[in-house]
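The values are calculated or read from the model by the stated rules, or taken from the named source; none is laboratory data. Note that the structure is a prediction, hence the values are computed from the model and not measured. Positions of Cβ are backbone-derived with ideal geometry, glycine not excepted, and every protein chain shown enters the neighbour counts. Just so you know, the surface numbers come from the protein's heavy atoms only, side chains and all, with ligands and any DNA or RNA stripped out. Shrake-Rupley method; radii C 1.70, N 1.55, O 1.52, S 1.80 Å.
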Amino acid sequence: MKRISIIGTGSYLPEKVLTNKDLEKFLDTSDEWIYTRTGIKERRIAKEDEATSDLCKVACERAMEMAGVKSHDIDLIILATITPDTHCPAGANWLEAKLKCANAVSFDITAACTGFIFALHVAYHLIKSGANRMALVVAGEIMSRVVNWKERESCILWGDGAGAVVVTDSREGAEVLSTHIHTDGENGDTLLMPGGGSKTTPISHESVDKGLHYLKMIEANKSFKVAVQRFAEACEEAVKANNLNVCDVSLIVPHQANLRIIQGMAKKLNFPMEKIYVTIEKYGNISSATVPIALDEAVRTGSIKKGDLVLLTAFGGGLTWGSSLIRW
Ligand code: UT7
C-alpha cells in the first residue's frame, strides 16, 4: 500500500497590509465592529502588477525548497483558486510556465474556500493510483480584486495570499491518512460570483454596471450556522474514518472565515481553542489559500512537530466542505 506524504510546505503573503483602521477611512465601519464580529485586524493586498500565479510561484518555490525537489521532478500541479489569472488557460498553466515545470500536467480546481482540500484529495488519489508521482498542490487568491470595496458586509473579510505543499509517494514526510470532500449545489447561491460565466454575457457594460463580477454573500449569517455544523461534521468524519477520536488530534488547522465560526466548531467538538491554529487576525479570509498558509506557518513556527496528528478542515462557497487527517 502506497504511503502518500507531504514532504514540503510553503506560502507567500503580499507585503502590503490593509488594517481595519485603513478601512475606516473609506467605509462606514469600525475596527471595533470588524474585530468583535470576525476576529480580523488586518489583511494583505497584492500589488497591482501581481497575478495569482505570481503569489503561487513563491509559495511553490518555498515548498519545493523544503522538500528538496526541483521543477523537473514535478509531474502534476493542481491549483485551487476562484481568482485565476485567466479562466482560459487555467491559472495552473501560467504557474507551470513560471515554475518551468515542463514535465507537469496542470489544471485548476474551483471549490472556493475548500479548494485546497479538494486539490489535496485529487492529488492523493492520482498518486495512490500510480497516475502521477510528485505533485504541487497549491492554492492562491487575489480576493481584493473580486470584492466590492463599497460593500461593508463583505469586503472587510477578505485578503490575498498563496500556500502550497509537495505531495508524493514516500516513506518520508507527513503521511496523509485520509481526505474527504463534499458539495451541496442546492445551496450554492448563498456565496457566489454571478457574472463572468455563460449564464450572463461574460463581460458587458451592463454586467459590470450591475456589479455581477463581484463576490456576493447572501444571508451570510445563515452560512455562519451551516459553516459551524459542516466544520464539526468534517472533523468527526476524518477521525472516525481512521478509528480515532477528536481528542486524539494534536492541532486543527481550519479555514478561517470568522473567528466566531472557529469558536463555534471548537464548542461543538468539545475541542480546546489552544489546539486550533488561528491566523484570521493577521490575514482575514484568503478563500482556498487560507488552510495551506496556516499549515505552512504552523510547520515553520514549530507549532506542528513530528508525530503530531494534524486535522485540516474547510467550508466555503459552492457549498463545499471537507477535511484531511495527516500524521506529521
Ligand atoms: O469562507 C466561508 C464562507 N464565509 C461565510 O460563510 C461567512 C459567514 N458569515 C459571517 O462571518 C458573518 O455573518 C459576517 C461577518 C459576514 C457578518 O456578521 P454578523 O454578526 O452576522 O452581522 P450581520 O450581518 O447580522 O449584521 C449586523 C449589523 C447590521 O446592521 P443592523 O441591520 O443590525 O442595523 C449590518 O448592517 O452590522 C452591520 N454591518 C456592519 N457594521 C459595521 C455589517 N457589516 C458591517 C461593517 N461595519 N463592516
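Some values worked out for this structure:
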quantity: Subset of the stretch 25-39 [in contact with a helix residue (DSSP H, G or I) (Cβ under 8 Å, 6 or more places away or on another chain) and near the ligand (Cβ under 9 Å from one of its atoms)]; calculated: LEU27, ASP28, THR29, SER30, ILE34, ARG37, THR38
quantity: Those residues of the stretch 283-328 which are touching a residue at least 12 places away in the same chain (Cβ under 8 Å) and of a type in the set (Val, Ile, Thr), in sequence order; calculated: ILE286, THR290, VAL291, ILE293, VAL299, ILE304, VAL310, THR313, THR320, ILE326
quantity: Helices (runs of 4 or more DSSP H) contained in the stretch 80-162 and holding at least 3 residues open to solvent by 20 Å² or more (accessible area, probe 1.4 Å) and more than 30 Å from GLU32 (Cβ to Cβ); calculated: 91-99, 115-129
quantity: Scope the stretch 163-180; condition more than 16 Å from the ligand (Cβ to nearest atom) and open to solvent by less than 20 Å² (accessible area, probe 1.4 Å); matching residues; calculated: ALA164, VAL165, VAL166, VAL167, THR168, ALA174, VAL176, SER178, THR179
quantity: Counted residues, the stretch 220-236 - those being more than 7 Å from the ligand (Cβ to nearest atom) and either free of Cβ contacts under 8 Å to residues at least 60 places away in the same chain or within 12 Å of THR313 (Cβ to Cβ) (or both); calculated: 11
quantity: Residues that are of a type in the set (S, T, N, Q), over 28 Å from HIS121 (Cα atoms) and out of contact with any Phe, Trp or Tyr (no Cβ under 7 Å at 6 or more places or on another chain), drawn from the stretch 1-55; calculated: THR19, THR29, SER30, THR36, THR38
quantity: Strands (runs of 3 or more DSSP E) wholly inside the stretch 237-328 containing at least 3 residues that are touching a helix residue (DSSP H, G or I) at 6+ places or on another chain (Cβ under 7 Å) and among the small types (Gly, Ala, Ser); calculated: 320-327
quantity: Subset of the stretch 70-79 that is in a loop (DSSP other than H, G, I, E, B) and surrounded by fewer than 21 Cβ atoms within 10 Å (Cβ to Cβ) - its residue that is nearest to the chain's Cα centre (by Cα); calculated: ASP75
quantity: Selection within the stretch 213-233 - in a loop (DSSP other than H, G, I, E, B), open to solvent by 40 Å² or more (accessible area, probe 1.4 Å) and either of a type in the set (A, V, I, L, M, F, W, C) or touching a Lys or Arg at 6+ places or on another chain (Cβ under 7 Å) (or both); calculated: ILE218
quantity: Matching residues in the stretch 195-219 - criterion: being free of Cβ contacts under 8 Å to residues at least 60 places away in the same chain and either assigned by TED's automatic domain parsing to the domain that holds THR38 or within 16 Å of the ligand (Cβ to nearest atom) (or both); calculated: ILE218, GLU219
quantity: Hits in the stretch 234-246 - residues which are among the small types (Gly, Ala, Ser) and surrounded by 21 or more Cβ atoms within 10 Å (Cβ to Cβ); calculated: ALA234, ALA238
quantity: Residue within the stretch 12-24 that is assigned to a strand (DSSP E or B), more than 16 Å from the ligand (Cβ to nearest atom) and either in the same structural domain as LYS282 (by TED's automatic domain parsing) or crowded, with 22+ Cβ neighbours inside 10 Å (or both) present; calculated: yes
quantity: Tally of residues being under 26 Å from SER5 (Cα atoms) and of a type in the set (D, E, K, R) across the stretch 48-97; calculated: 9
quantity: Filter pass, ASP160 being under 30 Å from GLU24 (Cα atoms) and more than 18 Å from the chain's Cα centre (by Cα); calculated: no
quantity: Every residue from the stretch 144-168 that is touching a His at 6+ places or on another chain (Cβ under 9 Å) and closer than 30 Å to GLY68 by Cα; calculated: none
quantity: Answer from LYS282, LYS216, LYS199, LYS210 - the residue that is more than 29 Å from HIS87 (Cα to Cα) and not polar (S, T, N, Q); calculated: LYS282
quantity: Which numbered condition GLY188 misses (of (1) modelled with pLDDT under 95; (2) in a loop (DSSP other than H, G, I, E, B)); calculated: (2)
quantity: Of all residues making up the stretch 197-212, the number that are in a loop (DSSP other than H, G, I, E, B) and closer than 23 Å to ILE156 by Cα; calculated: 3
